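Let me begin by presenting the structure, written as structure tokens, before commenting on it.
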Amino acid sequence: MATKRKSKGAYMISSVAEMYEIHPQTLRLYEREGLLRPSRSEGNTRLYTDEDLERLEFILNLARDLGVNIAGIAIVLQMRERMEEMNRQMQGFVDYVRTEMLTRMQQQTQPGVGLVPTRRQVVIPGRKDKKNG
């Protein structure tokens, strides 16, 4: 669905309903079902942000183009939010590993020393190697 917004800001329910050719009651239903969470003005008027409109476009795409019902839309939105959270966590882990690797590489002062400690053979003077008898 093409974006129908031209500026940033907050939009009242009547403007949003007109932009997306839906009834204001549909927006109220989406809010009641937890699909949308517009902010409120001091006078308790619903105010939709650009982020709310992006979410609405996604909802309308599911409903109009794919025929998904409200319960299905709720599930898809929950899955999408979980995936975004998992992506944030994974990115945090990747950043942590990258930082650790760079730190350890910078701490290396001896040539031939790896990032992972290796076992070195210890030679004790006066003892014969078990392999050599």
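Computed quantities for the displayed model
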| read-out | value |
| --- | --- |
| Cβ-Cβ under 6 Å pairs, at least 6 apart or on other chains, the stretch 30-55 side among the hydroxyl-bearing types (Ser, Thr, Tyr), far side modelled with pLDDT under 95 and part of a loop (DSSP other than H, G, I, E, B) | Thr49/Ala10 |
| Residue pairs meeting the criteria (Cβ under 9 Å; at least 6 apart or on separate chains; first touching a residue at least 12 places away in the same chain (Cβ under 8 Å), in the stretch 63-75; second assigned to a loop (DSSP other than H, G, I, E, B) and acidic (Asp, Glu)) | Ile70/Glu33; Ile73/Glu33; Ala74/Glu33 |
| Helices (runs of 4 or more DSSP H) enclosed by the stretch 1-96 - at least 2 residues per element that are among the hydroxyl-bearing types (Ser, Thr, Tyr), modelled with pLDDT of 95 or more and surrounded by 14 or more Cβ atoms within 10 Å (Cβ to Cβ) | 24-32 |
| Test for Thr103: is it farther than 30 Å from Met19 by Cα, assigned to a helix (DSSP H, G or I), at pLDDT 90 or above and not aromatic (Phe, Trp, Tyr) | no |
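The values are calculated or read from the model by the stated rules, or taken from the named source; none is laboratory data. Keep in mind that what you see is a predicted model, and the values were worked out from it rather than measured. Here the Cβ is made from the backbone with ideal geometry for all residues, glycine too, and neighbour counts use every protein chain on show.
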